[in-house]
Amino acid sequence: MPALRPLDAPNDLTVEAATDTATRGRRELFAGKRVAPSILSADFSRLGAQVEEVMGAGARIIHIDVMDGHFVPPITIGPLVAGSIADLVHDAGGAIDVHLMIERPDEQIAEFAKAGADCITFHAEATPHINRTLNAIRELGCLAGLAINPGTPVTAVSESVNDADVFLCMTVNPGWGGQSFIADSPDKVRRLGELVGAGTIGVDGGIDRSTAGSVAETGATLFVAGSAVFGAGDPAAAYAAIAEAAGAA
Ligand code: DX5
Ligand code: ZN
């Protein structure tokens, strides 16, 4: 078990109690309506400053897109980069949301948990062992997320409803930032919500101030936005505008 980084845990708690407190803190953050800026579109030469900008505007969940060159063509970010901003995010009361677009996700989850991930999401298409991987993520002390591609039916998650905390509906085909929101997505998000009941429903891809509202109405509460935040001249103002459109904190 890696060392956990309890969110808001007082110093005198036992490790077990601190772990419970950390998990509660994570659940609270992911239970609210949130816009999660994706650093994929950030200026990596000043990553810490970019994260501070959006957290200063109210962001509490920082989304990290991990791509392996196999599940999707590009290679992006590894645990080293996640770990480099983890303290900054946690000290500001936030959480690290890792989105694995990789094959064999079960082989990488421990490294991301050690790097400070609070939630780890992988793709239903990436492994035949969905529930084993979800349970392994929870055993590492993280929230467990299950993502589905646009071409994957919502029923792909139906046997995992009690094993996952977050269900992430891709609203573009994963692999790149800056793509257009798939217009049929709101209907799919609604059907996903009906299927999973209490779990957090996230949407990822093409989310901006005009598309956020359409998926908010269908029950999504976690809105991942990359280029619409960090591609804007003023990321803090862009974050605030999307949060307002989504009805988020
Ligand atoms: C896409 C990634 C997204 C990406 C979103 O494969 O999973 O998180 O950063 O970028 P935008 O908001 O630009 O569509
Ligand atoms: Zn993502």
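So which residues in segment 21-50 are of a type outside the set (Gly, Ala, Ser) and within 15 Å of the chain's Cα centre (by Cα), if there are any at all?
Matches in segment 21-50: ARG26, ARG27, GLU28, LEU29, PHE30, LYS33, ARG34, VAL35, PRO37, ILE39, LEU40.
From the list GLY226, GLY145, pick out the single residue that is open to solvent by less than 30 Å² (accessible area, probe 1.4 Å), modelled with pLDDT of 95 or more, near ligand 1 (Cβ under 9 Å from one of its atoms) and in contact with a Leu (Cβ under 8 Å, 6 or more places away or on another chain).
On inspection, the qualifying residue turns out to be GLY226.
Looking only at segment 217-238, count every residue that is farther than 22 Å from ARG26 by Cβ and more than 16 Å from ligand 2 (Cβ to nearest atom) and tell me the total.
Qualifying residue count for the region: 9.
Quickly run through segment 190-207 and pick out the residues that are touching a strand residue (DSSP E or B) at 6+ places or on another chain (Cβ under 8 Å) and either surrounded by fewer than 19 Cβ atoms within 10 Å (Cβ to Cβ) or more than 18 Å from SER38 (Cβ to Cβ) (or both).
Hits for segment 190-207 are LEU192, GLY193, VAL196, GLY199.
Within 16 Å of ligand 2 (Cβ to nearest atom) and of a type in the set (D, E, K, R): is that true of ASP163 in this structure?
So ASP163 fails the test.
How many residues are under 18 Å from LEU47 (Cα atoms) and more than 16 Å from ligand 1 (Cβ to nearest atom) if we restrict to segment 94-136?
Number satisfying all stated conditions: 3.
Could you tell me which numbered condition PHE167 fails, if it satisfies all but one of (1) within 16 Å of ligand 1 (Cβ to nearest atom); (2) open to solvent by 10 Å² or more (accessible area, probe 1.4 Å)?
(2) is the only condition that PHE167 fails.
State which residue pairs qualify: first residue closer than 17 Å to GLY231 by Cα and inside segment 168-188, second residue of a type in the set (S, T, N, Q) and within 7 Å of ligand 1 (Cβ to nearest atom) in any location, beta carbons under 6 Å apart, and separation of 6 or more residues or different chains.
Pairs found: GLY177/SER41; GLY177/SER227; GLY178/SER227.
Which of the numbered conditions does ALA57 fail, given that it passes all the others? Conditions: (1) touching a helix residue (DSSP H, G or I) at 6+ places or on another chain (Cβ under 6 Å); (2) within 15 Å of ligand 2 (Cβ to nearest atom).
(2)
Report yes if ALA237 is of a type in the set (Gly, Ala, Ser) and within 19 Å of the chain's Cα centre (by Cα), otherwise no.
Here the answer is no, as ALA237 does not meet what is asked.
Yes or no, residue by residue, for (1) under 13 Å from the mean Cα position of the chain (by Cα); (2) surrounded by fewer than 19 Cβ atoms within 10 Å (Cβ to Cβ):
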position	(1), (2)
PRO73	no, yes
ASP87	no, yes
ASP91	no, yes
ASP97	yes, no
ILE102	no, no
GLU107	no, yes
ASP118	yes, no
HIS123	yes, no
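Could you say which residue among ALA183, ALA198 is at pLDDT below 95 and more than 16 Å from ligand 2 (Cβ to nearest atom)?
ALA198
Only one of these is surrounded by fewer than 17 Cβ atoms within 10 Å (Cβ to Cβ), modelled with pLDDT of 95 or more, closer than 20 Å to GLY32 by Cβ and more than 11 Å from ligand 1 (Cβ to nearest atom): GLU159, GLU244. Name it.
Selected residue: GLU244, the only one of GLU159, GLU244 that is surrounded by fewer than 17 Cβ atoms within 10 Å (Cβ to Cβ), modelled with pLDDT of 95 or more, closer than 20 Å to GLY32 by Cβ and more than 11 Å from ligand 1 (Cβ to nearest atom).
The values are calculated or read from the model by the stated rules, or taken from the named source; none is laboratory data. Because the structure is predicted, anything quoted here is derived from the model rather than measured. As a convention, Cβ positions derive from the backbone with ideal geometry for all residues, glycine included, and neighbour counts pool all protein chains shown. Note: areas computed on protein heavy atoms with side chains; ligands, DNA, RNA excluded. Shrake-Rupley method; radii C 1.70, N 1.55, O 1.52, S 1.80 Å.
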